[in-house]
There are 2 protein chains.
Amino acid sequence: MRKFVACRTRHLIRRTVTCSLQRPLSSQSSYFSSSPVLNHPSMDSSHRSSFPVTLQTINPKVLKCEYAVRGEIVTHAQRLQQQLLDNPGSLPFDEILYCNIGNPQSLGQQPITFFREVLALTDHPNILDRSETQGLFSADSIERAWQILDQIPGKATGAYSHSQGIKGLRETIAAGIEERDGFPADPNDIFLTDGASPAVHMMMQLLLRSEQDGILCPIPQYPLYSASIALHGGTLVPYYLDEATGWGLEVSALKSQLETARSKGLTVRALVVINPGNPTGQVLSEDNQREIVEFCKTEGLVLLADEVYQENIYVPDKKFHSFKKVSRSMGYGEKDISLVSYQSVSKGYYGECGKRGGQILASLVMCPPKVGDESYESYSLEKDGILSSLARRAKTLEDAFNSLEGVTCNRAEGAMYLFPRIHLPEKAIKAAEAVNKAPDAFYALRLLEETGIVVVPGSGFGQVPGTWHFRCTILPQEDKIPAIVDRLNEFHKKFMDEFQG
Amino acid sequence: MRKFVACRTRHLIRRTVTCSLQRPLSSQSSYFSSSPVLNHPSMDSSHRSSFPVTLQTINPKVLKCEYAVRGEIVTHAQRLQQQLLDNPGSLPFDEILYCNIGNPQSLGQQPITFFREVLALTDHPNILDRSETQGLFSADSIERAWQILDQIPGKATGAYSHSQGIKGLRETIAAGIEERDGFPADPNDIFLTDGASPAVHMMMQLLLRSEQDGILCPIPQYPLYSASIALHGGTLVPYYLDEATGWGLEVSALKSQLETARSKGLTVRALVVINPGNPTGQVLSEDNQREIVEFCKTEGLVLLADEVYQENIYVPDKKFHSFKKVSRSMGYGEKDISLVSYQSVSKGYYGECGKRGGQILASLVMCPPKVGDESYESYSLEKDGILSSLARRAKTLEDAFNSLEGVTCNRAEGAMYLFPRIHLPEKAIKAAEAVNKAPDAFYALRLLEETGIVVVPGSGFGQVPGTWHFRCTILPQEDKIPAIVDRLNEFHKKFMDEFQG
């Protein structure tokens, strides 16, 4: 939301301010697109008092805060979608396919029945006693609803809770974490927030005192990190993942970037690790994780472990190990390593992005139906159905991208995305420059305009300068994938024909 | 949440850092309590690298961010509550009565049935088609659920929405605002957030560039304002409400404070007005509101209108007029006055604090059952029951406070609080100083320890220096009010006997 407020502010201010504003375009020389500060010499002070809020007078950090996942290309797609409604047949495609955002339920993924049963019952507990309810809801969802209501003071789901979230639900979640990791979890160390994003913001707000404070972030990264660092006035210190080795994380690269940052006078406060990776989809090996823990301990960095895709692993040779588990199995407690782990109800097989966390839902995700529960079988079928489908789609799209000329794509071991690399012909790069666009944004825009497929240019995530990528989700329903692959193939061939030699 | 993170951080850090920390106590000279920055000469740099996060090294703005509503006295109350569980009969009372926080459902207020029916149905739409559902839910709640689902792309309530919130729901809300005010409302000007608090934070983040930026705030104020201004690095510019005239707001006082601030080199960005007031409960007259709008227009200030208690008015001689309506009826559009209005689902007669906004709920609150709808009568009964009960409790407690020796209490025209003034004997003030407490905190602590009643000391909200108050909610259920009044009377008499002469 915060990231969007910056865009809307720009829009609202443009509507009310009559001066025309020129906005310098993204530079190719930085590792990802930056948002410049604006100057308006034509705004005099008498005029200014009529407009208390202008682009010149808002907090400049808000202007620096960008989030490509909902950026320019998405706005354009929405306009085209409206055009299709107003004027069917006016475009070379019938529908927009949003492959820009990790939003499974918007593309047809169904919620987990047991979870929604419990939510409905705790929303309206008046019906728990009624006989009709027995006919409508599974017995264990009714039982779970009672259990949860008993944990809530006064059974009042509409009341403000303890600031960290309802104690009983934190205890349930702690038990789930303990079962996942094999190490004790303390409910007092758990904070239930309105989604993982506010929690990321809170840590940035806590750790960043000035521009002299840095946060090590992977490149490519999920741009919530670059956005929140900008918003809270810190400096992003990049460390590059290695595309050639499946987006590998070398601790030597971490060390080198840390040293460079320190030599510039920065105090690096924390290391962000996204595992499984976004947009890159790699799953770290335990060895790698141990090196990372050791590195943070030695260098006095907080380890910010974004683990929201912990239940999205698609390959048999990889497993999720939480950094909590890895740290504790190295014998490191909270006095040895400062660790923050982010989990979310928005991803996994539950995909409840719109629920914005939700204490009850979080307790269900961390403590789902067990063997022997009435709902266990149907729950398992739903879960396995979704996860195996995601794995199939990941593979199908990975193969599709790899089959395109000049495109290479690492496999998605986990998460919800593919991040193919496009080797663009010189002619295409020049055509992009001629219209003041980054080459990957140019490609993505053409893709949208000719096929209706919406992807996010790699510059939104960061990439090694001179390389071009885009992020595409694996979320469209399976029956749509063949059409997507066909359209992609056709478009890409045309594009290469146009811009080659 | 953010405000709490500061407290928890202090707590967590204290647990892990072995140095003992001395924290200077609140000073009486400022108009409300401040949180000082800590110094720890005993922490050397080698030790520091083992603890990447210490009170010395976190963002000092987080330390300055205080929120008395969930402050020290509440923590103490929770300890006593645990003591009652562990050791019944060990205290002079049987239960803690939380009168510190505007949290109606935690004290027995029931949610509005129709609202919860619709939420349950939209949570689990699978049941909409079933015959048992007809027997369990009102027909119009089923109809409304269908209507809402049709406004949500793919009927996917679990999906991320448009960044401002689902368009169709914003249209419903805009229609409700239009009906309330008699002026058009634009869905594009509506932002649905996770509660009103994040929206307040967003505006502070937008408007505050440095400590040189100020925000005019009423004293007494709801400490979200002081907390968010501190957190986002700005300066609070106080304007005093006049207790003698029912907490009146004089524009001359605004002007004078604005001028003083400007003479110190501050750029004042906005004016916060809370109407109905919190903690003070007054409702502004339309004339007063027109003066305020004119003032903001002339001085180039954003008007931040906290209107979350718009449906809590208890006196026949006052009515709620939104600043939107007032501005438009003066002929002022968005080019004339920059206005932000906050509304919430946490207050009113719905009291859904725990729901954290919620787009569907917001649309129900702004567009509730109408005459002729099946649920209209039961809905009206519930609503009127709650509001008339709140009005009765407001009056009963106001009279009770006024009957105490040395206590005066303005009436609560609206909102959910009383803010009585206690004229403390010199001996009590000295006793408070001797234990390093503000006199109102001293009184409130004694009240808690002897009666179990939890109120918030006035210093948490700000008050004219040398005056003492506390904020008490009107929310305990009506059948508990007589006992509260008795305990209060008894306690106060004893207190005055102890500290008089």
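For a quick check of your reading of the model, give me the residue pairs whose first member lies in region B:115-129 and is under 21 Å from residue B:383 (Cβ atoms) and at the interface with chain A (Cβ under 7 Å from one of its Cβ atoms), whose second is of a type in the set (Lys, Arg) and in a helix (DSSP H, G or I), with beta-carbon atoms closer than 9 Å and at least 6 apart or on different chains.
Cβ pairs passing all conditions: B:117/B:144; B:119/B:355.
Identify, by number, the condition in (1) facing another protein chain (nearest Cβ under 9 Å); (2) out of contact with any helix residue (DSSP H, G or I) (no Cβ under 8 Å at 6 or more places or on another chain) that residue A:79 doesn't meet.
The failed condition is (1).
Kindly check whether there is at least one residue in region A:198-207 that is in contact (Cβ under 8 Å) with a residue 12 or more places away in the chain, more than 25 Å from residue B:135 (Cα to Cα), under 27 Å from the mean Cα position of the chain (by Cα) and open to solvent by 30 Å² or more (accessible area, probe 1.4 Å).
Yes, that holds for at least one residue.
Taking region B:140-173 on its own, how many of its residues are among the aliphatic types (A, V, I, L, M), in a helix (DSSP H, G or I) and buried (at least 20 other Cβ atoms within 10 Å of the Cβ)?
5
Return the residues of region B:53-80 that are open to solvent by 20 Å² or more (accessible area, probe 1.4 Å) and either at pLDDT below 95 or among the charged types (D, E, K, R) (or both); say none if nothing qualifies.
B:53, B:56, B:61, B:64, B:66, B:67, B:68, B:70, B:72, B:75, B:78, B:79
For region A:223-257, which residues satisfy the criterion of being in contact with a helix residue (DSSP H, G or I) (Cβ under 8 Å, 6 or more places away or on another chain), under 19 Å from residue A:458 (Cβ atoms) and among the hydroxyl-bearing types (Ser, Thr, Tyr)?
Within region A:223-257, A:225, A:239, A:240 qualify.
For every residue, the table says whether it meets (1) over 21 Å from residue A:481 (Cβ atoms); (2) touching a helix residue (DSSP H, G or I) at 6+ places or on another chain (Cβ under 7 Å); (3) part of a strand (DSSP E or B); (4) open to solvent by 60 Å² or more (accessible area, probe 1.4 Å).
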{"position": "A:360", "(1), (2), (3), (4)": "yes, yes, no, no"}
{"position": "A:370", "(1), (2), (3), (4)": "yes, yes, no, yes"}
{"position": "A:385", "(1), (2), (3), (4)": "no, no, no, no"}
{"position": "A:395", "(1), (2), (3), (4)": "no, no, no, yes"}
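Please work out which residue is farthest from residue B:278 (Cα to Cα), limiting yourself to region B:208-217 and to residues that are open to solvent by less than 10 Å² (accessible area, probe 1.4 Å) and not acidic (Asp, Glu).
B:208
What number of residues in region A:295-333 are open to solvent by 20 Å² or more (accessible area, probe 1.4 Å), in contact (Cβ under 8 Å) with a residue 40 or more places away in the chain and of a type in the set (Asp, Glu)?
Matching residues across region A:295-333 total 2.
Would it be correct to say that residue A:246 is surrounded by fewer than 21 Cβ atoms within 10 Å (Cβ to Cβ) and either touching a residue at least 60 places away in the same chain (Cβ under 8 Å) or on the phi < 0 side of the Ramachandran plot (or both)?
Criteria met by residue A:246.
Would you pick out the residues in region A:84-99 that are of a type outside the set (D, E, K, R) and either free of Cβ contacts under 8 Å to residues at least 40 places away in the same chain or not in a loop (DSSP other than H, G, I, E, B) (or both)? Spell out how you get there, then give the answer.
First, pick out the residues of region A:84-99 that are of a type outside the set (D, E, K, R): A:84-85, A:87-93, A:96-99.
Selection gives A:84, A:85, A:87, A:88, A:89, A:90, A:97, A:98.
At least 2 residues that are within 29 Å of residue B:154 (Cα to Cα) in each: list the helices (runs of 4 or more DSSP H) lying fully within region A:408-501 that qualify. It would help to see each step written out before you state the result.
Values: elements: A:426-434, A:439-451, A:481-499.
Helices (runs of 4 or more DSSP H) meeting the threshold: A:439-451, A:481-499.
I want to confirm something. Restricting to region A:300-342 and keeping residues that are assigned to a strand (DSSP E or B) and within 16 Å of the chain's Cα centre (by Cα), which single residue is farthest from residue A:271 (Cα to Cα)?
Restricting to residues being assigned to a strand (DSSP E or B) and within 16 Å of the chain's Cα centre (by Cα), the top hit is A:313.
Collect the residues in region A:174-197 that are within 14 Å of chain B (Cβ to nearest Cβ), assigned to a loop (DSSP other than H, G, I, E, B), open to solvent by 30 Å² or more (accessible area, probe 1.4 Å) and in contact (Cβ under 8 Å) with a residue 24 or more places away in the chain, keeping them in residue-number order.
Within region A:174-197, A:191, A:192, A:194 meet the criteria.
The values are calculated or read from the model by the stated rules, or taken from the named source; none is laboratory data. Everything numeric here is computed off the predicted structure, so don't read it as measured data. Every residue, glycine among them, receives a Cβ derived from its backbone with ideal geometry; neighbour counts consider all protein chains shown. Areas reflect the complete protein model, heavy atoms only, side chains present, ligands, DNA and RNA absent. Shrake-Rupley method; radii C 1.70, N 1.55, O 1.52, S 1.80 Å.
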